[in-house]
1. Given a Förster radius of 22 Å and the C-beta distance between ASP23 and TRP47 as r, what FRET efficiency does 1/(1 + (r/R0)^6) yield to the nearest 0.05?
2. Summing Lys, Arg as +1 and Asp, Glu as -1, what charge do residues with Cβ under 10 Å from the Cβ of GLY30 carry, GLY30 excluded?
3. Just flag the chymotrypsin sites (Phe, Trp or Tyr not before Pro) in segment 30-59 sitting in loop per DSSP whose Cβ has no more than 13 other Cβ atoms within 10 Å.
4. What nm distance separates the two modelled labels at PHE129 and ILE76, each placed 7 Å from Cα along Cα→Cβ?
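All of the numbers you see were taken from the coordinates with simple rules; none came from a lab. The shown structure was predicted, so the numbers you read here are calculated from the model rather than taken from an experiment. Here the Cβ positions follow ideal geometry from the backbone for every residue, glycine too, while neighbour counts run over all protein chains shown.
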Amino acid sequence: MIALVRVVMGVIFILFGEYKIADPEFAHGGMQKYLSGFLDGNMVVHWYRPFLEKVVMPHATAFGYLFGAGELMVGIALVTGVMVRPAAVGGVFMMLNLLLSEWNGVGANARVWQYLGAQLDHICPLLLFLIFMADGEPKFSLQRFFRRTPRS
């Protein structure tokens, strides 16, 4: 089951990374549009706001390509089963950055536990964490072709 989750997560990351790399519209304006919406809508976690405003926004084109390439590499690693643990750590890092950028409060008169059900963005980092914690030798993996043979 964890192999199926790994492959599905990999396909999702490939799809999202591919359009960010193949179509320059995301890096050249799209990322700025998303970040501006997050910043203007006060969706960003307060201590993360200065990083987005002072570091990411001025260099949004580079960060757009970097984020797309990272998603693509994470996706390829998860689908092929090669370097799964580093890919899962990278995926969790990217998803946590996204969560900090678009954090939505629970709203007026809402219970905190309702927030977790309404925000499904938490599922992706959780699944990547589970993939990281899974056994060291991924099932349905190309990793077996890259084994090192012991020297005599």
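1. 0.10
2. Around GLY30, the charge tally is 0.
3. Answer by residue number: TRP47.
4. About 2.9 nm, to one decimal.
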